[in-house]
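The block underneath contains the structure these notes are about, expressed in structure tokens.
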Amino acid sequence: MNDHYDTLETRAPAEREADLFSRLPDVLRKAMAAPAYAEHLKGIDPADITSRAALAHLPVLRKSELPALHKAAPPFGGFVTDPAGSFARLFTSPGPIFEPETAHRDPWRGARALFAAGFRPGDVVLNTFSYHLTPGGFIFDSSARALGCAVIPAGPGNAEAQFELIEAYRPIGYSGTPDFLKILLDAAASGGRDISSIKRALVSGAAFPKSLQDEVKSRGVDACQAFGTADLGLIAFETSAREGMVVNEDLIFEIVKPGTGDPVPEGDVGEIVVTSLDPDHPWIRLALGDLTAALSGPSPCGRTNMRIKGWMGRADQTTKVKGMFVRPEQVAEIGKRHPEFGRLRLVVTRKGETDVMTLKAECAAPSDALREQVTASLRAVAKLGGGVELVAPGSLPNDGKVIADERPVG
């Protein structure tokens, strides 16, 4: 059995670097045909951008800025030249940010990640990412089909119906959040359902701490993690070596000092900045707000691209809860709906193996009725359920922080 998706994964790093930067000028020219990129990269000569040092002089584009930009110039903020009708599918994610799916065979670059996790052509895959409006379900669906797998488009929830599908189709693979994988394993064990066909998994969208990794492994599922976004698809992924994540091909991956575009010394923690080489929907130095650090040397699995430690937190206060981004702007919207509040602070923790968020709100006159109203506002604005604590005025720190991610890293 071949251990690698293709020979690109094992080429010499210098060869990969030369290939990426020989292609970059043409991608820049295509990007700058769009009005927003033309303004953002004003004065840049694409022919000059043929090295990492040259690329580092270009301004970053912050993902946190995209909602306002997309609202000002819908649907794509002026960063895409082709009309919406030329794309395969059109999505939205919280913000809102509008994402088009290009009409390529593997538009989200996920087939490599699935292959590295042990998926092979002919496998049946249970895909439990959501297929509704956001691209998550389609990212993993199209990637699995590009690899040659058959996909059960299950989506999240409704465990009983999922058990019927699993027992009928006997999928060998699972894709979804690690939280929902545990829910399925627990419910099957307590309900006497047979899901033993699932032997491997590619998980993403939520924390996968060592405790949960060990539990899933002990129950017969070999699970790898992938790191991706709704804008770029799969960016990096674990391999059989389990020593960090390997950066995907056709991406230029940088780690910079948070809030700047300046590369950090190798090994230092910094913010992830990605340049993609898809001419139909290029991203030029998109700063994701996520933190990581590079690992030295190639992976023991033989893949030679940059390795990273994985997700190490947020450079800004935007965070991901159960696979969905929650933003400071959403906390502010709740404050507008309830002007009687003082400071607000959304605290994200883990309970058992599940993400939990609690909105703490300073309130002079707390009541059960008000708590119920705020709970409904939280769900309506964030699209996720959470708890609400009404606390005394002046009891929350005066530090400007409205989202506190207190989950353990790693």
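Here are the numbers:
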quantity	calculated
Yes/no for Cys301 being at pLDDT 95 or above, assigned by TED's automatic domain parsing to the domain that holds Glu101 and touching a Leu at 6+ places or on another chain (Cβ under 6 Å)	no
Residue in the range 284-303 that is farthest from the chain's Cα centre (by Cα), counting only those that are buried (at least 18 other Cβ atoms within 10 Å of the Cβ) and polar (S, T, N, Q)	Ser299
Residue that is modelled with the lowest pLDDT, among those in the range 319-341 that are more than 13 Å from the chain's Cα centre (by Cα) and buried (at least 18 other Cβ atoms within 10 Å of the Cβ)	Pro328
The listed residue being of a type in the set (D, E, K, R) and crowded, with 21+ Cβ neighbours inside 10 Å, out of Arg242, Arg307	Arg307
Candidate set from the range 195-220 (those that are small (Gly, Ala, Ser) and assigned to a helix (DSSP H, G or I)); member that is farthest from Ala144 (Cα to Cα)	Ser211
Criterion: closer than 17 Å to Pro94 by Cβ, touching a Lys or Arg at 6+ places or on another chain (Cβ under 7 Å) and not assigned by TED's automatic domain parsing to the domain that holds Val256 - qualifying residue of Val348, Val331	Val348
Search result, residues across the range 89-121 that are at pLDDT 95 or above, touching a strand residue (DSSP E or B) at 6+ places or on another chain (Cβ under 8 Å) and in a loop (DSSP other than H, G, I, E, B)	Pro107, Trp108, Arg109, Gly110, Ala117, Gly118, Phe119
Lone unmet requirement of (1) closer than 24 Å to Gly259 by Cα; (2) hydrophobic (A, V, I, L, M, F, W, C); (3) crowded, with 18+ Cβ neighbours inside 10 Å for Phe91	(1)
Residues (in contact with a helix residue (DSSP H, G or I) (Cβ under 6 Å, 6 or more places away or on another chain) and surrounded by 17 or more Cβ atoms within 10 Å (Cβ to Cβ)) located in the range 1-28	Tyr5, Leu28
Evaluation of Ile235 against (1) in contact with a strand residue (DSSP E or B) (Cβ under 9 Å, 6 or more places away or on another chain); (2) surrounded by fewer than 21 Cβ atoms within 10 Å (Cβ to Cβ); (3) farther than 17 Å from Ala144 by Cβ; (4) touching a residue at least 12 places away in the same chain (Cβ under 8 Å) (one fails), failing number	(2)
Residues of the range 29-72 satisfying the condition of being of a type in the set (A, V, I, L, M, F, W, C), in contact with a Pro (Cβ under 8 Å, 6 or more places away or on another chain) and surrounded by 14 or more Cβ atoms within 10 Å (Cβ to Cβ)	Ala31, Met32, Leu41, Ile49, Ala56
The lone exception for Gly77 - which of (1) outside any loop (DSSP other than H, G, I, E, B); (2) of a type outside the set (Ser, Thr, Tyr); (3) in contact with a Leu (Cβ under 6 Å, 6 or more places away or on another chain) it fails	(1)
Lone qualifier among Leu378, Leu384, Leu370, Leu390 - being touching a residue at least 12 places away in the same chain (Cβ under 8 Å) and in a loop (DSSP other than H, G, I, E, B)	Leu384
Only listed residue being of a type in the set (Asp, Glu), at pLDDT 95 or above, assigned by TED's automatic domain parsing to the domain that holds Asp231 and closer than 20 Å to Thr102 by Cα, chosen from Asp48, Asp26	Asp26
The range 342-367 - residue that is in a loop (DSSP other than H, G, I, E, B), modelled with pLDDT of 90 or more and of a type in the set (Gly, Ala, Ser) and, of those, nearest to Gly394 (Cα to Cα)	Gly342
Selected residue (only one of Glu254, Glu271 is of a type in the set (D, E, K, R), in contact (Cβ under 8 Å) with a residue 60 or more places away in the chain, crowded, with 21+ Cβ neighbours inside 10 Å and under 24 Å from Gln317 (Cβ atoms))	Glu254
Complete set of residues in the range 154-194 that are assigned to a helix (DSSP H, G or I), surrounded by 14 or more Cβ atoms within 10 Å (Cβ to Cβ) and among the hydrophobic types (A, V, I, L, M, F, W, C)	Ala159, Phe163, Leu165, Ile166, Phe180, Leu181, Ile183, Leu184, Leu185, Ala187, Ala188
Residue in the range 276-283 that is within 16 Å of the chain's Cα centre (by Cα), over 23 Å from Leu28 (Cα atoms) and of a type in the set (Phe, Trp, Tyr) present	no
Hits in the range 393-410 (condition: surrounded by fewer than 18 Cβ atoms within 10 Å (Cβ to Cβ), under 16 Å from Phe341 (Cα atoms) and touching a residue at least 60 places away in the same chain (Cβ under 8 Å))	Lys401
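The values are calculated or read from the model by the stated rules, or taken from the named source; none is laboratory data. No experiment lies behind these values; they were computed from the predicted model shown. All Cβ positions, even for glycine, are placed from backbone atoms using ideal geometry, and neighbour counts span all protein chains on display.
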